[in-house]
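Some notes on the structure that comes next.
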Amino acid sequence: MANKFYITTPIYYVNDIPHIGHSYTTIAADALARFNRRLLGENQVWFLTGTDEHGQKIQRASDEAKLTPQEFVDKVMVKFKELWVKLDISYNDFIRTTEERHIKVVQKALEILYKSGDIYEDTYEGWYCTPCETFWPETQLVDHFCPDCHRPVERISEKNFFLKLGKYQQDLIKYIEEHKNFIRPDFRRNEVLSFLRLNKLEDLCISRPKERLSWGIPLTFSPGHVTYVWFDALINYMSAVGSFDEKNNYISKWWDNETEVVHLIGKDILRHHAVYWPIMLMALQQAGVKGVKLPDTIFAHGWWLNKDEKMSKSRGNVISPLFMADKFGVETYRYFLLRDLPFGLDGNFSEEAFIKRFNSDLANDLGNLVYRTLTMVEKYFQGVVPEFSSSGERVKEIAAKLAALPKEVENSLKAESDFNFVRALENIWEKINLANKYVEETKPWNLAKENKTEELKNFIRLLVEAIRKTGAEIAPFMPRTAGTINEELGSGTIKKGKPLFPRIEDQKPKK
Ligand code: MSP
């Protein structure tokens, strides 16, 4: 059983400002990091995010901005950091691929694999799409255009370096078959397995000649080449948390057998993570490097769509995380992303769905429970939370359900449950709704009228317990709300504030 947890987001390209897709992976990773910190201990969790700053895309974007690539990445990178502050992202480290610590590890890994023979030099000739930085086999071209971006491709012949992928194909198939949690969800795992079973892997070109692309990490053994951006980028997961020692072994606190290593990614970059990356790691192991393991879980989530369409700058339908968080609040934004779309599937983002969730789950269920409970503590007990005196069957039953909640949430948020945020939140909301139902069935105003003080005490005490327990469980998802609830509950004497989530139509100007 792992007692440490290391979670990563993809490192984001800085050719553009952050959008909802970036914020989705990062909020999901943040919730898991916060959850595991509570479960395993603050110091047992490491949460990494960062930026992917090399390659053609960046070079082109910086040319357009009339800046040097370094000036350009320095500028855009800040936008990501600012957004993460705004969204309460509790990352432990932010890696940039232009940092020295990263460059050193990439160069060393390349040297090791060159020496072991898994990276070799060859001449490559093929059809190349510059915007996508991809060579395409002739059979995949569509009328001589790139099958991905539909722009013209060029015939290129050049000396390059290649990583032997084919050599590890069978080992990788076996590894995936034997490790159920390695690629999640299951349908993605099957997708990768059938791809690997049906296709022969071609070796991967991991270099670019400098005259075509200068913005990359130089190969120490071939000064005329820089590293292919994906080989460079994938290594961030290791360069951020460790380094090679003088014997070329990899040393890290977060990449060992006591750590559960989890990569959260979007479905579009699954092949890179589930094929290239494990093979890079297997090749390092084969070269005798100690301290290298494969990640425990690569989880590919789905896409947020806008009216069933992919969001893109060219379509002009991109939703800005800053805009949404400003309009509806950071907490609501975090809640909505994790609650509305099953993690792993695609779904639509709409303001209507957003407002509906806000009003029902946050204003009605959670907000109402907290507000009415604290109001009753004030009204019936002058703000002092009463002690339990005796307890009836119904109280015991609800208390038992509340006690079971942490374990339920824990089970829902495991890798084998596909980090099921929807289910975890349902586990919590089931208890919130149970408590609300309990208020309606108990009719405390009658208890007060009839002077049934003992019953009223037990009733209020249990509601306060319900808020405390559910409040603690929502902390990974809505940290500020959990903090506010905790403050309002005080210790013994409550400090009631304003309703947590006033219904959205209430905020409209009154006619
Ligand atoms: N730089 C690479 C990742 C290298 S990791 C070693 C990259 N960057 S990216 O900025 O283009 O995309 C980062 C992530 O954002 C991807 O996981 C992608 O799936 C995700 N998303 C981009 N648009 C998205 C949505 N509309 N919805 C959900 N996630 C999407 O790829």
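Of everything in the range 254-279 that's within 11 Å of the ligand (Cβ to nearest atom), hydrophobic (A, V, I, L, M, F, W, C) and assigned to a helix (DSSP H, G or I), which residue is surrounded by the fewest Cβ atoms within 10 Å (Cβ to Cβ)?
The qualifying residue surrounded by the fewest Cβ atoms within 10 Å (Cβ to Cβ) is I269.
Please verify whether the range 233-253 includes one or more residues that are modelled with pLDDT of 95 or more, over 30 Å from E416 (Cβ atoms), open to solvent by 10 Å² or more (accessible area, probe 1.4 Å) and part of a strand (DSSP E or B).
Checked against the condition, which is being modelled with pLDDT of 95 or more, over 30 Å from E416 (Cβ atoms), open to solvent by 10 Å² or more (accessible area, probe 1.4 Å) and part of a strand (DSSP E or B), the range 233-253 yields at least one hit.
Please verify whether K327 is in contact with a helix residue (DSSP H, G or I) (Cβ under 9 Å, 6 or more places away or on another chain), more than 9 Å from the ligand (Cβ to nearest atom) and free of Cβ contacts under 8 Å to residues at least 60 places away in the same chain, treating the condition exactly as stated.
For K327, the condition - in contact with a helix residue (DSSP H, G or I) (Cβ under 9 Å, 6 or more places away or on another chain), more than 9 Å from the ligand (Cβ to nearest atom) and free of Cβ contacts under 8 Å to residues at least 60 places away in the same chain - is met.
Between F343, F354, F358, F323, which is in a helix (DSSP H, G or I) and either under 30 Å from F459 (Cβ atoms) or modelled with pLDDT of 95 or more (or both)?
Only one candidate passes the filter, namely F358.
So, in the range 321-353, how many residues would count as being surrounded by 15 or more Cβ atoms within 10 Å (Cβ to Cβ) and closer than 21 Å to D16 by Cα?
5
Could you list, in sequence order, the residues of the range 201-231 that are more than 21 Å from K108 (Cβ to Cβ) and either touching a Cys at 6+ places or on another chain (Cβ under 6 Å) or open to solvent by 60 Å² or more (accessible area, probe 1.4 Å) (or both)?
E202, E211, S214
Suppose we filter the range 1-53 for residues that are in contact with a Lys or Arg (Cβ under 8 Å, 6 or more places away or on another chain), away from the ligand (no atom under 14 Å from the Cβ) and without any contact (Cβ under 8 Å) to a residue 60 or more places away in the chain; how many remain?
Result for the range 1-53: 3.
Please go through the range 280-305 and pick out each residue that is touching a helix residue (DSSP H, G or I) at 6+ places or on another chain (Cβ under 9 Å) and outside any loop (DSSP other than H, G, I, E, B).
Within the range 280-305, M280, L281, M282, A283, L284, Q286, T297, I298, F299, A300, H301, W304 qualify.
For T130, state whether it is surrounded by 16 or more Cβ atoms within 10 Å (Cβ to Cβ), β-branched (V, I, T) and without any contact (Cβ under 8 Å) to a residue 24 or more places away in the chain.
no
How about the range 143-190: which of its residues are open to solvent by 70 Å² or more (accessible area, probe 1.4 Å) and either aliphatic (A, V, I, L, M) or part of a helix (DSSP H, G or I) (or both)?
K167, Q170, D171, K174, E177, E178, F187, N190
Within the set of pairs 6+ apart or on separate chains, which have a first residue in the range 471-487 that is at negative phi and part of a helix (DSSP H, G or I), a second that is at pLDDT below 95 and open to solvent by 50 Å² or more (accessible area, probe 1.4 Å), and C-beta atoms under 9 Å apart?
If the second residue must be at pLDDT below 95 and open to solvent by 50 Å² or more (accessible area, probe 1.4 Å), the pairs left are E487/K495.
Are there any strands (runs of 3 or more DSSP E) wholly within the range 1-108 with 2 or more residues that are surrounded by fewer than 20 Cβ atoms within 10 Å (Cβ to Cβ) and at pLDDT 95 or above, and if so which?
Answer list for the range 1-108: 93-96.
Yes/no matrix, rows are residues, columns are (1) in contact with a helix residue (DSSP H, G or I) (Cβ under 8 Å, 6 or more places away or on another chain); (2) more than 29 Å from T26 (Cβ to Cβ); (3) open to solvent by 70 Å² or more (accessible area, probe 1.4 Å):
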| residue | (1), (2), (3) |
| --- | --- |
| K443 | no, yes, yes |
| F459 | yes, yes, no |
| K469 | yes, no, yes |
| K496 | yes, yes, no |
| F501 | yes, no, no |
| I504 | yes, no, no |
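For the range 191-232: of the residues being out of contact with any His (no Cβ under 8 Å at 6 or more places or on another chain), part of a helix (DSSP H, G or I) and within 16 Å of the ligand (Cβ to nearest atom), which is farthest from L165 (Cα to Cα)?
Selected residue: E191.
On the given criteria, is Y114 within 26 Å of L281 (Cβ to Cβ), open to solvent by 60 Å² or more (accessible area, probe 1.4 Å), in a loop (DSSP other than H, G, I, E, B) and more than 12 Å from the ligand (Cβ to nearest atom)?
no
Would you tally the residues in the range 295-315 being more than 14 Å from the ligand (Cβ to nearest atom) and open to solvent by 10 Å² or more (accessible area, probe 1.4 Å)?
The qualifying residues number 1.
Tell me yes or no: at least one residue of the range 333-349 is closer than 24 Å to A424 by Cβ and more than 28 Å from the chain's Cα centre (by Cα).
So far as the range 333-349 goes, no, none of its residues is closer than 24 Å to A424 by Cβ and more than 28 Å from the chain's Cα centre (by Cα).
Any residue at all in the range 284-299 that's under 23 Å from the mean Cα position of the chain (by Cα) and among the small types (G, A, S)?
no
Do we have any residue at all in the range 420-437 that's among the acidic types (D, E), open to solvent by less than 70 Å² (accessible area, probe 1.4 Å) and under 31 Å from the mean Cα position of the chain (by Cα)?
Taking every residue of the range 420-437 in turn, none turns out to be among the acidic types (D, E), open to solvent by less than 70 Å² (accessible area, probe 1.4 Å) and under 31 Å from the mean Cα position of the chain (by Cα).
The values are calculated or read from the model by the stated rules, or taken from the named source; none is laboratory data. Owing to the predicted nature of the structure, the values given are computational and were not obtained by experimental measurement. With ideal geometry, Cβ positions are generated from the backbone for all residues, glycine too; neighbour counts draw on all protein chains shown. Each accessible area value is taken on the protein alone, full model and side chains, heavy atoms only, with ligands, DNA and RNA left out. Shrake-Rupley method; radii C 1.70, N 1.55, O 1.52, S 1.80 Å.
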